[in-house]
Amino acid sequence: MDSTFGTNMYKMALYTIMVFDTHKNGMPVAWIMAGSSRCIDIVQWLKTFRNTMLDHRKTWSPNAFLIDHAQLEQGAIRYVYIG
């Protein structure tokens, strides 16, 4: 999961989730442009992503998340996936 801030005139944050296929190629699968960088906004997005994945594959669970140690992202991931 990666986040980019201030890349447009509205100063919105762009969050992207990428996954790896069986050939270890990265593919972006989910995006959000957020007007704020509050943890609750990221939690809502991650919950929606998780629930959508579970709708398609009931046993889906991520093996790992790779982030740049942003405290906001760590907290959101822990809340949604660890509990």
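The table below lists the values:
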read-out	value
Whole-percent pair-distance distribution, where bins are 5 Å wide, for the alpha carbons of segment 2-82	3, 13, 24, 27, 19, 10, 4, 1, 0
Charge tally in the Cβ shell below 14 Å around Glu73, where Lys, Arg are +1 and Asp, Glu are -1, Glu73 excluded	-1
Burial ordering of Met27, Met53, Met33, fewest other beta-carbon atoms within 10 Å first	Met27, Met33, Met53
Label-point separation in nm, Thr48 to Ile82, each point 7 Å along Cα→Cβ	2.5
Additional length obtainable on full extension of the chain from Thr7 to Ile40, 0.36 nm per residue less Cα span	9.7 nm
Contact order normalised by residue count of the chain, Cα under 8 Å, 6+ apart, percent	24
Loop-located trypsin sites (Lys or Arg not before Pro) in segment 28-70 whose Cβ has at most 10 other Cβ within 10 Å (DSSP)	Arg57, Lys58
Between helix 39-56 and the chain: long-axis angle, C-alpha atoms, 0 to 90°, nearest 10	30
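We did not get these values from a lab; they are worked out from the coordinates using the rules stated. Everything numeric in this text was worked out from a predicted model, so none of it was measured. Glycine also receives a Cβ, built like all others from the backbone with ideal geometry; neighbour counts cover every protein chain displayed.
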